[in-house]
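Student: Have a look at this one before I ask anything.
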Amino acid sequence: LVMVNSNLPRGAALSSSSALSVAALLAYAGCNGVEPDKALLIRAAQDVEWYAGARIGVSDQTAILLGRAGALLHLAMLPGDFDLGAARHIPFPDALDLLVVNSHTRRTLSGAQRLRYSLNRFAYSMAITVLQRELEDAGWAPDAANRMDRLSRITPEALGGAAQVYRILKRIPPETSLEALRRRYNPPDLDAEYARYFGELAEAEQPKRIPLRGPLMFGIAESERARLFPSALESGEYESAGKLMSIGHNGDRVRTPQGAAFAVDVGDAELEALARRNAPVALQPGAYGASSPALDMLVDSALEAGALGASLTGAGIAGAVLVLCRKENSAAISCALAQTLQQNTYARCAALRAPLDEATARESVVINHSVAGAEELVVDG
């Protein structure tokens with residue numbers, strides 16, 4: 001007999017499926033008297049998601065297993081050779097609150113949502129190969145270019161400064177067809193990766209154009225933000241930490257605060273202007289586009305109410321928003337978010353049948369408290 005209970009909203013991009021997978025694997029291991037290796041558990045939980053059709057990474061499962069009460073987990077997760085021993089646990093500041101806002105939208109990772117989600121991940125997998133080829137064409141030795149095999153290594157320092165990041169990105173086409181990608185870069189794993197992400201789709205639904213520059217710029221900048229965020233919290237630079245969150249969300253944003261379509265300029269002229277200014281890479285959103293009008297509206301509501309920063313969480317498209325705020329402002333920001341959730345405008349953005357009632361809206365904004373990692377609990381008797 002297996003009984004499952006959870007207070008995580010289903011389909012809200014809060015890792016409910018990863019939580020279920022990890023819990024089930026721990027339970028099976030416990031029933032069989034096996035002491036599971038955490039790295040093996042992480043891989044197994046990822047396999048479960050891939051079997052179900054979700055092309056996810058390994059971050060969610062790692063956070064579930066390595067979490068620590070009252071702390072942030074900071075770790076570079078590299079699918080091929082991740083090192084759990086490099087994990088850092090950073091105390092969350094007492095002066096701050098982290099709000100989790102349930103948007104009451106659902107991410108199913110099927111149909112159009114699955115295509116949109118998988119397209120960005122496929123673009124990532126190709127963009128690294130494309131970047132390596134462009135580095136070689138720019139005069140890099142092949143060995144040096146090949147070391148740039150993951151986003152965490154593609155730093156301003158590694159490329160010779162922020163200006164060089166933008167000039168390398170400028171060499172990469174904003175988007176390309178599959179055939180042009182094959183002719184220009186000849187990625188050795190193109191067909192296998194394409195089948196991996198889109199092979200289960202009908203041929204008519206399989207994408208023919210692949211975005212490259214925007215997603216790669218987002219990934220490089222987001223990795224830089226991930227490096228800077230813990231240091232900002234540790235040094236008490238809370239406004240800077242919040243700004244990094246909000247800029248990261250702008251890389252996913254699809255709607256302006258006024259309701260118009262939003263797009264980040266990653267054209268040649270803009271990249272050259274950034275290079276001339278030697279603009280900090282972490283302050284550039286990039287263009288990944290994984291948000292939705294409802295998530296954008298909640299982020300804007302939080303920022304207008306005085307939050308330090310706000311961003312979607314997880315894969316986006318639907319789900320939840322995280323809000324960083326000073327503890328003394330937490331109640332007022334929570335109230336503003338609850339009011340937004342009750343608006344007719346929000347109901348239309350979120351495709352809800354009707355606006356949320358006051359009680360449901362208030363229950364949709366909670367203060368997050370990080371907890372210890374997942375474990376087997378043995379009940380005597």
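Student: What are the residue pairs meeting all of these: first residue in region 223-240, first residue of a type in the set (S, T, N, Q), second residue assigned to a helix (DSSP H, G or I), Cβ atoms under 7 Å, and 6 or more apart or on different chains?
Tutor: Ser223/Leu151; Ser223/Ser152; Ser240/Ala232
Student: Pick from region 1-30 the residues that are of a type in the set (Ser, Thr, Tyr) and in contact (Cβ under 8 Å) with a residue 12 or more places away in the chain: which of them is surrounded by the most Cβ atoms within 10 Å (Cβ to Cβ)?
Tutor: Step by step, filter region 1-30, then rank; the result is Ser18.
Student: Let me ask you something else. Out of Arg196, Arg184, I need the residue that is of a type in the set (Lys, Arg) and either surrounded by fewer than 13 Cβ atoms within 10 Å (Cβ to Cβ) or within 27 Å of Thr155 (Cβ to Cβ) (or both). Which one?
Tutor: Working: Arg196 fails: either surrounded by fewer than 13 Cβ atoms within 10 Å (Cβ to Cβ) or within 27 Å of Thr155 (Cβ to Cβ) (or both).
On inspection, the qualifying residue turns out to be Arg184.
Student: Continuing with this model, one more query. State whether the residues of region 68-76 include one that is assigned to a loop (DSSP other than H, G, I, E, B), surrounded by fewer than 17 Cβ atoms within 10 Å (Cβ to Cβ) and not hydrophobic (A, V, I, L, M, F, W, C).
Tutor: Within region 68-76, one or more residues are assigned to a loop (DSSP other than H, G, I, E, B), surrounded by fewer than 17 Cβ atoms within 10 Å (Cβ to Cβ) and not hydrophobic (A, V, I, L, M, F, W, C).
Student: Then there's this: Scanning region 99-112 for residues that are crowded, with 17+ Cβ neighbours inside 10 Å and not charged (D, E, K, R), which turns out modelled with the lowest pLDDT?
Tutor: Leu109
Each row is one residue, and each column tells you yes or no for (1) part of a loop (DSSP other than H, G, I, E, B); (2) of a type outside the set (S, T, N, Q); (3) farther than 30 Å from Leu41 by Cα.
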position	(1), (2), (3)
Cys335	no, yes, yes
Gln339	no, no, yes
Pro355	yes, yes, yes
Thr360	no, no, yes
Val371	yes, yes, no
Glu376	yes, yes, no
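Student: For residues that are at pLDDT 90 or above and surrounded by fewer than 17 Cβ atoms within 10 Å (Cβ to Cβ), tally how many sit in region 45-66.
Tutor: Residues that pass the stated criteria total 1.
Student: A further question follows. Within region 224-249, can you find the residues that are surrounded by fewer than 19 Cβ atoms within 10 Å (Cβ to Cβ) and among the polar types (S, T, N, Q)?
Tutor: Ser231, Ser235, Ser240
Student: Something else about it: Which residue out of Ala162, Ala202, Ala138, Ala221 is hydrophobic (A, V, I, L, M, F, W, C), surrounded by fewer than 18 Cβ atoms within 10 Å (Cβ to Cβ) and either under 22 Å from Gly248 (Cβ atoms) or at pLDDT 90 or above (or both)?
Tutor: Unique residue meeting the criteria: Ala138.
Student: Here are the criteria: (1) surrounded by fewer than 24 Cβ atoms within 10 Å (Cβ to Cβ); (2) out of contact with any Cys (no Cβ under 7 Å at 6 or more places or on another chain); (3) touching a residue at least 40 places away in the same chain (Cβ under 8 Å). Tell me which single one Ala305 does not satisfy.
Tutor: Condition (3) is where Ala305 drops out.
Student: Where in region 226-331 are the helices (runs of 4 or more DSSP H), entirely inside, with at least 2 residues that are in contact with a strand residue (DSSP E or B) (Cβ under 6 Å, 6 or more places away or on another chain) and either among the hydrophobic types (A, V, I, L, M, F, W, C) or at pLDDT below 95 (or both)?
Tutor: Per the criteria, 293-304.
Student: I would also like to ask the following. Looking only at region 346-370, which residues are surrounded by 12 or more Cβ atoms within 10 Å (Cβ to Cβ) and within 22 Å of the chain's Cα centre (by Cα)?
Tutor: Cys349, Ala350, Ser364, Val365, Val366, Ile367, Asn368, Ser370
Student: Okay, moving on. Somewhere in region 153-161, is a residue within 29 Å of Leu98 (Cβ to Cβ), assigned to a loop (DSSP other than H, G, I, E, B) and of a type in the set (A, V, I, L, M, F, W, C)?
Tutor: yes
The values are calculated or read from the model by the stated rules, or taken from the named source; none is laboratory data. What you see is a predicted model, and the numbers here were worked out from it, not measured in a lab. Positions of Cβ are generated from backbone atoms using ideal geometry, with glycine treated the same way; all protein chains shown enter the neighbour counts.
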